[in-house]
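Written below as structure tokens is the structure these notes are about.
The values are calculated or read from the model by the stated rules, or taken from the named source; none is laboratory data. Everything numeric here is computed off the predicted structure, so don't read it as measured data. Neighbour counts are summed over all protein chains in view; Cβ atoms, including those assigned to glycine, are modelled from backbone coordinates with ideal geometry.
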Amino acid sequence: MMTVTAYAAASPTADILPTTIERRDVGPADVLIEIQYAGICHSDIHTIRGDWGPQTYPQTVGHEIAGIVSAVGSDVTMWAVGDRVGVGCMVNSCRECENCKAGLEQYCWAGNIQTYGGVDRDGTVTQGGYSTHIVVDQDFVLRIPESLDMAVVAPLLCAGITTYSPLQHWRAGAGRTVAVVGMGGLGHLGVKIAAALGAEVTVLSQTLSKEADGRAFGAAHYYATSDPATFEKLENGFDLILNTVSAEIDMKAYLKLLRLDGVLINVGAPAEPLPIQVFTLFGNRRSFAGSSIGGIRETQEMLDFCAEKGIVPETELIAADQINEAWARVLASDVRYRFVIDVATMEQPAA
Ligand code: NAP
Ligand code: ZN
Ligand code: ZN
């Protein structure tokens, strides 16, 4: 075992404070990564605050990880010391079920092993990326393309793949109208990726305060959802709606914005269930769908796509002692558009 510096929450209401955690020894198929940057995803906050159910504490969250390989196990063939790598939301899966065999490890029937708060094969609870080092199975490590700056790339590992995967699956592209609801961490990358795929993109945000940014990210249209006229004007307007909102919204109002055979893809994961009126789905033969991150193969494809298209997350780099302040700003929808922790600023915990 290796003792490393990390930031953790001791309870659902606690601040995120410096501590140490144990990482397993590097096994034959493992890679040791020295973490340089870790993105702050709203899922980190939902998890620690108990929105999705009871958790194990203390817990270190973070599943947008960018760093450098510093050691490899004896059987590792794909990675070498010095490689620029990333880790996202999963660190393992059963590898044997139909979905794993199809490269869709996120839908593993046995449940993929999440980067934090999951139960690893050795029975220990996994700890995430707000930390100086992580040990990960070689098959769950991603290659960061040379042209992507390590200091901004980390959010692609969750926010990027979570928007890329459904936009590809439901064929966002030329001739298709796509609305992105909520322009935070996921949403701003959803806008950039959908625009790069050739779709006509509309942002549906609470206010117009970020309109100039949305247009710069590639949106052709931008509306405030606080204005009821928005919902009248856009009725029957979209092939796809990507909902990235972390709170409950009025699904009926948004579903009515779908045209024939339109799909509302829900990636936001609020604490409470979302009520759906079936009659709203009957109209226009609409679909309500969910989507979870993306498989390892598709995550690599997304990183390469972003490198090719020059898509980079808009980030605000913070020191580790600013995590609590950053979380408060995410909860207040005051994020432009992803906080990234500079792991070099992590202090050793007080002895
Ligand atoms: P985020 O940065 O906080 O963005 C969410 C955005 O939603 C906010 O910036 C805001 O955008 C809008 N919003 C927030 N509260 C709202 C409210 N009460 N009413 C209307 N709009 C509101 O969060 P994120 O990191 O992008 O994550 C978004 C959600 O996706 C979270 O629930 C997260 O857990 C979930 N998630 C799911 C997956 C998956 O695999 N499905 C993966 C990652 C994250 P505007 O200011 O533009 O309105
Ligand atoms: Zn996430
Ligand atoms: Zn599986």
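Of note:
- Taken residue by residue, segment 65-76 has no member that is within 16 Å of ligand 1 (Cβ to nearest atom), in contact (Cβ under 8 Å) with a residue 60 or more places away in the chain, touching a Leu at 6+ places or on another chain (Cβ under 9 Å) and assigned to a loop (DSSP other than H, G, I, E, B).
- Filtered by the rule that a residue be charged (D, E, K, R) and in contact (Cβ under 8 Å) with a residue 12 or more places away in the chain, segment 302-332 gives 304, 309, 314, 316, 321.
- Segment 228-242 - residue that is in a strand (DSSP E or B) and of a type outside the set (Asp, Glu) and, of those, surrounded by the most Cβ atoms within 10 Å (Cβ to Cβ): 242
- Residue satisfying all of: in segment 246-294; polar (S, T, N, Q) and at pLDDT 95 or above; farthest from residue 331 (Cα to Cα) among these: 284
- Residue 230 more than 16 Å from ligand 2 (Cβ to nearest atom) and in contact with a strand residue (DSSP E or B) (Cβ under 9 Å, 6 or more places away or on another chain): yes
- Search result, residues across segment 118-146 that are more than 16 Å from ligand 3 (Cβ to nearest atom), touching a strand residue (DSSP E or B) at 6+ places or on another chain (Cβ under 6 Å) and more than 17 Å from residue 3 (Cα to Cα): 138, 141, 142, 144
- Test result for residue 149, in the same structural domain as residue 335 (by TED's automatic domain parsing), modelled with pLDDT under 95 and either surrounded by fewer than 21 Cβ atoms within 10 Å (Cβ to Cβ) or out of contact with any strand residue (DSSP E or B) (no Cβ under 7 Å at 6 or more places or on another chain) (or both): no
- Single condition residue 335 does not satisfy, out of (1) in contact (Cβ under 8 Å) with a residue 24 or more places away in the chain; (2) closer than 24 Å to residue 205 by Cα; (3) in contact with a Ser or Thr (Cβ under 9 Å, 6 or more places away or on another chain); (4) among the hydrophobic types (A, V, I, L, M, F, W, C): (3)
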